[in-house]
Structures are given as structure tokens and as C-alpha cells.
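Data first, discussion second: the structure below is written as C-alpha cells.
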Amino acid sequence: MLFYVLGLPFLFALLILIIPNKSKRIIIPISGFLSLGHFILTLILYLKYDITGANFQFVINKSWISPGINFHIGVDGVSLLLILLTAFLFPISFFASVKSITKREKGFAFFMFLLEGGVIGVFVSLNVLLFYLFWEIMLIPMYFIIGVWGSKNRIYASFKFVLYTMVGSLLMLIAIIFYFKATGGTSFELTDWLAKGPLSNPAQKWLFLAFALAFMIKVPVFPFHTWLPDAHTEAPTAGSVILAGVLLKMGVYGFIRFGIPLFPDAFMKYRESLIILSVIGVIYGGMMALIQKDIKRLVAYSSVSHMGMIMLGLLALNIEGFKGSVYQMLNHGLSTGALFLLVGIIYERTHTRQISDYGGVAKLMPVYSAVFMLIMFSSAGLPGLNGFIGEFLILWGTFEANKLIAVFAATGIIIGAAYLLWLYRRVFNGPVKEGLKEKVFDLNIREILYIVPIIILVIWMGVYPSTFTKMIKIPHSIQKHLIIKGGVEK
Amino acid sequence: MIWVLIFPLLSSFLLVVFGKYLSKKIVSFTAPLSILISFIISLFYFSRASEGIIYKIYNWISVGNLKIDIALKWDPLSSVMVLMVTGVSFLIHVYATGYMHEDKSFSRFFAYMNLFTFFMLVLVLSSSIIMMFVGWEGVGLCSYLLIGFWFEKESASKAGMKAFIVNRIGDLGFLIGIFWILYTVKSADFDLINAAAVSGKIPVAIASLIGILLFIGATGKSAQIPLYVWLPDAMEGPTPVSALIHAATMVTAGVYMIVRLNGLFSVAHFASTVVAVVGVFTAFYAATIAITQNDIKKVLAYSTISQIGYMIFAAGIGAYSAAIFHLITHAFFKALLFLGAGSVIHAMGGIQDMRKMGNLRKYMPVTFYTFLIAGLAISGIPGFAGFFSKDEILASSYFSGHKILWSIGVLTALLTAFYIFRLIFMTFYGKERMDEETKHHLHESPKSMTIPLIILAFFAAIGGYVSLPKFISEHSIWEEYLHKIIYVKSELHFIHSIELNLTLLSSALAFLGVLIAWYLYVKKPNLPIIISNKIPFIYKLLLNKYYVDEIYEFVFVNPFVFGSEGIYEWFDKPVIDGTVNGSGKTTLFLGKLLSKLQTGQIRDYIYSILFGVALLLTLLLMGV
């Protein structure tokens, strides 16, 4: 079943290609329904997942290129949740693109499916080489999505995105090959590598740094973040949603699945530096968001802040921090994804992203404004909505690990409220800006339909988080090496 | 029991979703009704609450060792609060059906008001500090929404934003306080926190640290120094909002929180001292500003800050039941003051400047008399509600040995009587200073507005008799009802003869305050201007609220915003991104440089081969 969840997007990508060019107007709606079907399949997978069961489930392990390079896939709670998030956001992104993608629809749908397949591949791979393959595959469609369907500066942004990411991942490839040799040159299987135990120093240290760099660029951890505002801002709405919603999580996931288990000693050695960079990211990202003049850029910088928070939860190395971190990945995917959708909706009407071009939108688009406000408060971590649970768990986990860092990180809740509320005030409140009235109209049925599922989840995850938190468990591969400390651990 | 929460929430939800399609008549029936039902339910539980009931709804968060239930705690403290919240909220809802009648966002208003009541009940009924935080932030959200209710007005939306962000600063302290509690007590449950503190399981220093952190949260929500700055601006909201949220209920949450954790605070001596000092100083400070304000709602806003200062002061010196006592009487008379002011503003067609009012008692007698009762109550004129509660606080501070703080409190009582009667005389007495157009429209407010005024006036008049001064009766129904929730019982001994003298003193000061106000604003109305001209510096300082807003802007807000801007322009773009782009460009440059080697000319290649061979030979010959 997991095979179909992974394979279907690739199949869809091919399927799209055979649709005749004459009917290109229906390509994106069709893709939306196809990916909706894929999401339902993923839901079934989720329902079949046994929380009390084995570490990895739905495992497929077939010999593939050569012994040691197996087609080995499987999911645990963490990766399953991330796959769910991915499969959830893709149909929404398609439906959001119906009006905004008006050229080369076929290519767009093709690359989107390729991207979805690549992302899911990253989350299911249990063979290091297979993981690397998917990690690189998804760069190509993203490059085209930004470069072809993006806005004015798209070429610069797409190049920057690909080259920056590539630098990191090439080092990772070298590290993978080196690791392969160091373990006897027989296998790329993650389980084999883990079974052999961590490498000795200094090899462990250097290989960790290579892996960590790739992941840090992807997250992005300060100061590796500058590709993100450009890529997010220039990408089309669907691209921004997927980029923020899913792609960034691959970096954190990389630490969870590979970075920490394979290099435990090196990780511990650099953990403090990573914590400091992350907490800088929380505050710095927020400060940069505060003064942006472009709405999309503002949301992009807020991602830097949120991702710093997510890294902190992981780095706390306790159960609360870990669960909070994974939970916050889902939250960030929903809230920031939704923010990009909402920015896209109003951009389609006005063709401007400058905050100063707006004012009084709440009067013109009451439903849109109400939705925006809800998502804004979800992003700002208001109790009762999803963001609070994640932030609370992360900050509490961090507090157990290091009180001072937690205090610094918690200032993020003030800055977060400041940049979001200030944005809201300038765009939605005040007198109606001239010339706006003729252009904007409130949400239509299509837009409401794809936003409502997000709203339901935002409230559900805030009121009844157990549905999801019980899925999240610290993988044995991490637990084995590290003492999970924490003030209230019995 | 859960129904007490469900009705306001349900009503709010329905109004949000279907509000557009409902007529004003239906809205003005269902919205207050949902609160009335909650009120009836809370009446029902009031009599059974003395033992304390915990009603678990469900397990909210269960991660690691963190287990947080959504559970309601119904004990004497919370049941008194619930009764007040639902009761006052109901009256204000009824009032608002009249006050907001002409507003085009009628249903949106009541959706927010219902939601507010829901979150306020969550706050009050919570059994753990984390669930309280949910209510705490929830009421903050509603406050934000309602302050900025007329969002097209720049000043209103700005005030809403300011309120939320300033409160978030307090919340940071609150949150860290919660973490310290979780860290030391390993539970967020109020009973366990208090029990752990009283039994000495929390080290005293940590208890004080927690106390101060939580109190930072309280200074935000309850508008105390240094985070009070949002409350005066919050007057931008519709007046029923000011009455409900920014006078009677939400702003007292900080007091409630301290009393809820009285076990912890009675151990945390240092924190309690800080609380008391900040409280009484805020009371005095805000009262001095209230003296000079000309906007009727601004006077009441600073008055609220000042009165909450009294409550905080009481909580700080360990007079917990007196703090809650004043909280309740204040809820009645301050809600009444605001609603009366709203009635005045309604009649004046939106004018709030008292310099344009005068002699309104002729036009709106019901508003005048009810307002007068509230004024007498807040001034501490014997017999009215505020007299009993304020005197209990002052007497407690005197007998617990806080003589300096007590004297500040007494002085504030004088100021209070003065500024509130200044307001009354400027508004309801003297010359009619409004223009003809306004005068023509002056009218008494409709029944939906005056009946709540009358009911509140009734309570503002008699609400104090539940707890009489000790020299009259040692037996207080109020203290006995709250007795169970106080962890460390006060052993203060009130010496009757001294207490009587204290009461006589504060009563005399109250009368003096009224008298001065009468002399300055009725007898010699030109005198205030002469005085303010004589001491222009002090007058300007007070009129401009000690320039605190400007100072905050200059010291905190601007450096942060401009600092961020500077970092973006001078660091993020040129340095961090510059390095990235720079390394790209360097690669490109090096590539171009290297490509020069590949000229495609055989001759060049032969030269370089020859050069290489020559170099190698030389090196070999030199024996390297």
C-alpha cells in the first residue's frame, strides 16, 4: 500500500502528459481531483497504521540496483504525519492554482506531481542512497515551478534555490559515499549502518557536518536562510505553499532520521551551537519579518522564525520538545501554507504584494478577513488553536533543557504577535485604500472549499491534539544513543 | 455544569456563521439569553460550591509527563466570580442591544461579546494554570477584536493592536512562570501548586520568582505599572465593551489569578511585597492622571487602573478576601459608571469631551441618579459598596504594618473622590456648554439601557453589606464564604477603636474630595484654569500622562523597529546574502578565469606543456 502512496504521484505525472493539449484548461482541476484521491489513499494508510505496532510499518524491502542498494521503504509515526501533510496540501495547492496558472498547465501539473512523489520518497526511504535520490529529484520540479511560473525575479530565485541546496546536498553525497566505504563498502541500508554503530572521530565529526549543512540549508537555520525569502516570494502560490508547507520539513526530518542516529557523538558536540543558531533564527526571523514591505516576504521571514522554533524542540532532546517539534511542523505546514494561499488569493485580484497598497480590506472582504485572522492567530500560537500546542511543548521542552534559551525563544511569541498584527492592521483595517474597491471581491466557493479543511484542522489540532500527538514517538534510533533528559522524566 | 460554557460559545458561533441572515431583533434576544442561561446555571451551583467541585471534561494535552485536563473547578472563589461575570455580562448585553442598535455590525458585536464571556468563564473556572492561560489569551483576543471593533478608524485598530502586543509582553512572563511551576511542582493544577507551596516543597526563592513572573502577566492583563499603557487607548472600543471587559471582568483577571494562587503568594514574601508596592503605587499614579483628563471615558479608564491597583495592593498584603470583595463591588460600580458614561455619550451624539457637556441631569435623570450612586460608591462615601471594600483593604494594610503603603492608599482615596465628582460636576452640573444642535437631541436613553443602570445601581448601593467593618461586626458572611479557599489564614487583629478612627479618616477625606470638586467645578468654575496656569509644568505632565507613551515609543518600540530595519539593510542583505551571492560570483569569476586556459590553440597548449616540463625538470634537478 505504501508503494502506491509513493508511486501514484509519479503515475499521475505521466498520466497528465497524455492529456491532449486541446483540453488544457481542465488539466489543473483534474490534477486536483487526482491528488485528492491520493490523499484519501494516504488517509487509509493512516487509519491502517498501528500506533502500538512495530517501529516501521508497511515496509517494502526489495533488492534493487545491487546488494546494499535496496528499494527499502517504510513509515513510522513521524514520517506518516509528514506524508499526510504533504498529501493534504497538494490537492489544495492544485485547486488554488486553477485561476492563477494560465500558461503551460500541463508542465505545471507534471512537475507538481513529480515534486509530490519526490517529497514522499524522502519521507519513506530507509536506504540512504534511495533517500538521497529522492532528495535530489525534488529539486528539479521545484526549480521549474519557480523558474517558469514564478513572478518577476523568478530566474534569480530559482537559480539561487537550486545552487544553494545543491552545495549542501553534494557535500552530503560525498559524506554518504565516505560512510559507505568506512562501513566496509557493502551496504547503503540505514539499518546496517545503524547496526554497525557510529563511526569513530574525526570521521564522524566531518561527515556529520556535511549532512548537517545540507539539512540546515533546507530548514533553513540562520544564517543559511537567504535563499528562502527569494524562493518563497517569487514562487507561484502553489510553489510557496509546498515549499513552506513541506519542503522545509525535510531538513528537520533529515536530522531526525539520519543526522542524530548516525552521528550521535558529533551531534552532541555541536548541539549547543545548533541551539544558539536556532534561537537566533527565532528572534532574527521575527525581526526581519516585522519590517518587510512585501506581504509574501513577510510570511517567508516568519517561516525562518518558526523553523528555528521547530529546530529548538528537536534539539531539546526530550519527549516534550520532540513531540512539540513534529507537531509544530504540521502546524507550520498548515498555517504558513494557508497564509501563502491567502496572500495568493488577494494577489490574484490586485496583482500587488506591497503592504502599502492595501488598507481597509476587512470592509471589502469580510469572509476573507475573518479567515485570515483565524490563520494569523493560529500562526501566533493563540491557545485553542494548533500553534499553541506546538509552541508550548517546544518551549517547555527547551525550558527543561536550558532555561535561558527558553526565555529567549519565548520572546518569539511577542515578536510573532507584533509582525502579524501589524500586518493585519495595515492591510485589513483603516480606511479603504483608493482603487481597491473595484478590484477585490470576497472569497468564492472554490476558495472557501479549499480553505475550510485547513480551518477545521487548525481548530481540531488546537482543541484535541491527542489525535496527532499520540502518533509521534521518538524513534528508537535516537533513543538508543541519547539520554532523554528532562525535569519531569520519571 | 459544562452548559454554563456551551451557551455563550454556541451563541457566538451561530452569530459568526449566520449573523448576516439574522434580524437585529433575534440577535438582541438570543445573545443576552445565552448569558442569562449561564447566569441561572451559576446561581444553581453557587449554593453547592462551598465544598469545591471538579468537573473533568477531557484530557487536553498528554505528552511525556505533561498531562493537562480541561476541567472546571467550582469552588467559592470561582462561583462568586462566575456569578459576577455572567450577571454583569448579561446586564451589559441587554444594555448593548440598545446602545449598539444603530450599528451595522450588530451581530458581529454580539458574537464577540458572547465569545468574550465564554473565555472569561474558562479563565475563571479553570482548574489548572495552563487552562487559565487559555482563557487568559482568549479574553485578550476578544479584547483585541472589540477594541478594534470600528476597525476603519485608524486609532481604534491601533489601540487593539497595542492592547494585544502589550499583553503579550506580560504573557511572556506568565508563560515562563508556568514553566517554573511545571518544573518545581510537576503539575499545573491549582490545588497542587498551592499545596506544594504551603508545605514548603517550592523553595521560597523559586516561589518568589514564580510569583513575580506571574505578576508580570498580571500587570499586562490588569493594567498595572509598567504595562498599563494599553488600557486608556482601549477606550476606543464601544462603551459596553469598556464596561464589561475593561472595567468589570477581564482586567481583574490578574487579581483573580493571585488570589487563586494565594498559597503560593503567601509563601512568596518578596513577590507579594512587589505586588503590594506596584499595586498601591499604580492606584495613586493613575488617580493623579485621572484628575486632569477631559475625556469622560479616559477619566474612567485611569480610575479603573487605579481601582485595580487597590485590589492588587490587597492581594499583595495578603488580604485576599478583601481583594475579591473590592473586585466584586468595583465590578458593579465601575460597570455602572461606564454604562452611565455610555448613556451620556449616546445622548451627546458621540461627544466624549466633558468640556462640551454640563447640566445633563436636567435631560437624563435616570442616568444622573444611577451615576451619582456609582460615584458615591467609588468615592467611599459611607453606606455605599465601595466604602466597605476599600476600607477593608486600607484597614488590612494598616494592621499588617504597611503604614507607608496605607498612607498612599488613603491619599488616593481623596484623589478618587475628587476626580469622580469632578467628572460628575462637569457633566451633570454647571452651564450647558454643548452646541444647540447637540442640545436639541439630548434625551434619556431607552429602557433597555436604563434598566441595567438601575439594577447595577442597586448593587452598587447595597453590595457592601456582605462584609461590615470589624468594629461593627466581627462576623462577615463574605469572609466565611471565601474562608475555604484561603490557604494561609490571616491572623491580623483589627483593633476596633483604631479601625473606627481609620474609617472616620477615610470618610472625611472622601467628603473632602467631593467638597473640593464641588468648589472648583460648581462654585468657582474658573478656578481650575487659573490653578493649571499657575502650575503649568505639573498640569502638562499630568495631562500628557507623564509622557509614558512617548517614552515607551522612544525607548522600546522605535529602537526595535529601526534596529530590525538596520539589521535587514546593513547585515541581512549585504553580509549574509552578500556572502552567498559573492561565493556564487566568485565561482563564476574563477570559472571564467580558468576557461581562459582553454583557448583551443594548439600553440598555447604546447607552450604550457613545455613550461610544465621545464618546471618539473628544474625541480628535479634542484633535488626537491
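Please report the spacing between the Cα centers of the range B:113-127 and the range A:1-66 in Å, no decimals.
With the range B:113-127 and the range A:1-66 each reduced to a Cα centre, they are spaced 45 Å.
Out of B:462, B:68, B:211, whose Cα points farthest toward the positive end of the dipole of the protein assembly as shown (charges: +1 Lys, Arg; -1 Asp, Glu; placed on Cβ)?
The residue sitting farthest along the positive end of the dipole is B:68.
Tell me, what is the FRET efficiency for residue A:352 and residue A:24 to the nearest 0.05, using R0 = 35 angstrom and their Cβ-Cβ distance as r?
0.80
Can you list the HN-Hα couplings for the range A:282-296, worked out from phi with the Karplus curve (6.51, -1.76, 1.60; θ = phi - 60°), rounded to whole Hz and with x for Gly and Pro?
For the range A:282-296, the Karplus-derived couplings read 4, 6, 4, x, x, 5, 5, 4, 4, 9, 6, 9, 9, 4, 5 Hz, x marking Gly and Pro.
Go through B:214-222, B:498-506 and give me the packing order, highest mean Cβ count within 10 Å leading.
Averaged packing, sorted descending, gives the order B:214-222, B:498-506.
I need the Debye-formula profile for chain B: one equal scatterer per C-alpha, no solvent, reported as log10 I(q)/I(0) at q = 0.07, 0.09, 0.11 1/Å, two decimals.
Evaluating at q = 0.07, 0.09, 0.11 Å⁻¹ gives log10 I(q)/I(0) of -0.46, -0.71, -1.05.
Looking at the square roots a ≥ b ≥ c of the eigenvalues of the Cα gyration tensor of the range B:1-94, which shape do they give, rounded for a/c under 1.5, prolate if a/b is larger than b/c, or oblate?
In terms of gyration-tensor shape, oblate.
Among A:334, A:69, B:425, which residue has its Cα positioned farthest towards the positive end of the charge dipole of the protein assembly as shown, with +1 placed on the Cβ of Lys and Arg, -1 on the Cβ of Asp and Glu, and the dipole taken about the Cα centre?
A:69
Would you mind checking which residues have amide H under 5 Å from residue B:53's amide H? H placed 1.01 Å from N; only 5 or more apart, or other chain.
B:74, B:75
Under a 5 Å amide H to amide H cut-off, with H placed in plane at 1.01 Å, what residues pair with residue B:222 once short-range neighbours are removed?
B:254
When the dipole is taken about the Cα centre of the protein assembly as shown, and only Lys, Arg (+1) and Asp, Glu (-1) are charged at their Cβ, what size is it in debye, to the nearest 20?
1640 debye
Taking 0.36 nm per intervening residue step and subtracting the Cα-Cα distance, what contour gain separates residue A:99 from residue A:15 on full extension?
That pair, residue A:99 and residue A:15, stretches by 28.1 nm at full extension.
DSSP H helices in chain B with Cα extent of 24 Å or more along the helix axis and mean Kyte-Doolittle hydropathy at least 1.0?
B:24-46, B:76-99, B:106-125, B:129-147, B:204-221, B:269-290, B:320-347, B:403-428, B:496-518, B:602-621
Using θ = phi - 60° and the Karplus curve 6.51 cos²θ - 1.76 cosθ + 1.60, what whole-Hz ³J(HN,Hα) does each residue of the range A:252-267 get, with Gly and Pro shown as x?
5, 4, x, 4, 5, 7, 10, x, 6, x, 7, 10, x, 5, 5, 4
³J(HN,Hα) across the range A:425-442 via Karplus (A = 6.51, B = -1.76, C = 1.60, θ = phi - 60°), whole Hz, x for Gly/Pro?
These are the phi-based 3J(HN,Hα) values: 4, 6, 7, 9, 9, x, x, 5, 5, 4, x, 7, 4, 6, 8, 9, 8, 6 Hz.
List the pairs from A:249/A:363; B:524/B:545; A:439/B:585 whose alpha-carbon separation is above 30 Å, in the order I gave them.
A:249/A:363; A:439/B:585
Farthest toward the dipole's positive end in the range B:477-530, which of B:507, B:527, B:482, given Cβ charges of +1 (Lys, Arg) and -1 (Asp, Glu) about the Cα centre?
B:527
Taking the Cα centre of the range B:473-617 as the origin, how large is its charge dipole in debye, to the nearest 20, when only Lys and Arg (+1) and Asp and Glu (-1) carry charge on their Cβ atoms?
The dipole of the range B:473-617 has a size of about 740 debye.
Using 25 Å as the Cα-Cα cut-off, could you pick out the over-long pairs in A:323/B:162; B:297/B:540; A:152/B:592; A:103/B:592?
Details: A:323/B:162 33 Å; B:297/B:540 19 Å; A:152/B:592 28 Å; A:103/B:592 36 Å.
Violating the 25 Å limit, Cα to Cα: A:323/B:162; A:152/B:592; A:103/B:592.
Give me the distance between the Cα centres of the range B:418-477 and the range B:28-70, rounded to whole Å.
Answer, in whole Å: 33.
Do the sum for chain A: with -39,500 (n - 2.57) for every DSSP H run of n ≥ 4, divided by all residues, what is the mean residue ellipticity at 222 nm, to the nearest 500 deg cm²/dmol?
-23000 deg cm²/dmol
Going by average Cβ neighbours within 10 Å, how do the peptides A:138-147, A:84-93, B:544-553, A:6-15 rank, with the highest at the top?
Ranked from most to least packed, the peptides come out as A:84-93, A:138-147, A:6-15, B:544-553.
Using only Cα atoms, locate the centre of the range B:234-301 and the centre of the range A:396-465, then give the distance between them in Å, rounded to an integer.
Centre-to-centre distance over Cα atoms comes out at 29 Å.
Based on DSSP H runs of at least 4 residues, each adding -39500 (n - 2.57), what is the mean residue ellipticity at 222 nm of chain B after dividing by all its residues, to the nearest 500 deg cm²/dmol?
Helices in chain B give a 222 nm mean residue ellipticity of -22500 deg cm²/dmol.
Carbon and sulfur together cover what percent of the accessible area of the range B:78-151 at a 1.4 Å probe radius?
Details: 810 of 1220 Å².
After summing per-atom areas, the C and S share lands at 67 percent.
Across peptide A:427-435, how many C-beta atoms of other chains are within 10 Å of each residue C-beta, on average?
3
Based on the alpha-carbon gyration tensor of the range B:38-149 and its eigenvalue square roots a ≥ b ≥ c, which shape applies: rounded if a/c is under 1.5, prolate if not and a/b is larger than b/c, or oblate?
oblate
What is the interface area between chains A and B, defined as buried accessible area summed over both chains with a 1.4 Å probe, reported in Å² to the nearest 100?
About 5200 Å² of accessible surface is lost on pairing.
Could you give the size of the charge dipole of chain B about its Cα centre, using +1 on the Cβ of each K and R and -1 on the Cβ of each D and E, expressed in debye and rounded to the nearest 20?
Using only the charged Cβ atoms, the result is roughly 580 debye.
For the range A:39-174, which whole-number percentage of the solvent-accessible area (1.4 Å probe, protein heavy atoms only) is attributable to carbon and sulfur atoms?
Solvent-exposed carbon and sulfur of the range A:39-174 make up 70 percent of the total.
Would you please give the residues with an amide H less than 5 Å from that of residue B:359, counting only those at least 5 places away or on a separate chain, with H modeled from the backbone geometry?
B:428, B:429, B:430
Quantify how strongly other chains surround peptide A:401-407 by giving the mean number of their Cβ atoms within 10 Å of each of its Cβ atoms. Present the calculation step by step, with values, prior to reporting the outcome.
Numbers: counts 0, 0, 4, 0, 0, 3, 6.
The shielding value for this peptide is 2.
First check a/c for the range A:43-198, with a ≥ b ≥ c the square roots of the eigenvalues of its C-alpha gyration tensor; if it is under 1.5, answer rounded, and if not, answer prolate when a/b is larger than b/c or oblate otherwise.
oblate
The values are calculated or read from the model by the stated rules, or taken from the named source; none is laboratory data. Predicted model, so just to flag it, every value in this text is computed and none were measured. All Cβ positions, even for glycine, are placed from backbone atoms using ideal geometry, and neighbour counts span all protein chains on display. Quick note on the areas: whole protein, heavy atoms, side chains included, nothing else; ligands and nucleic acids left out. Shrake-Rupley method; radii C 1.70, N 1.55, O 1.52, S 1.80 Å.
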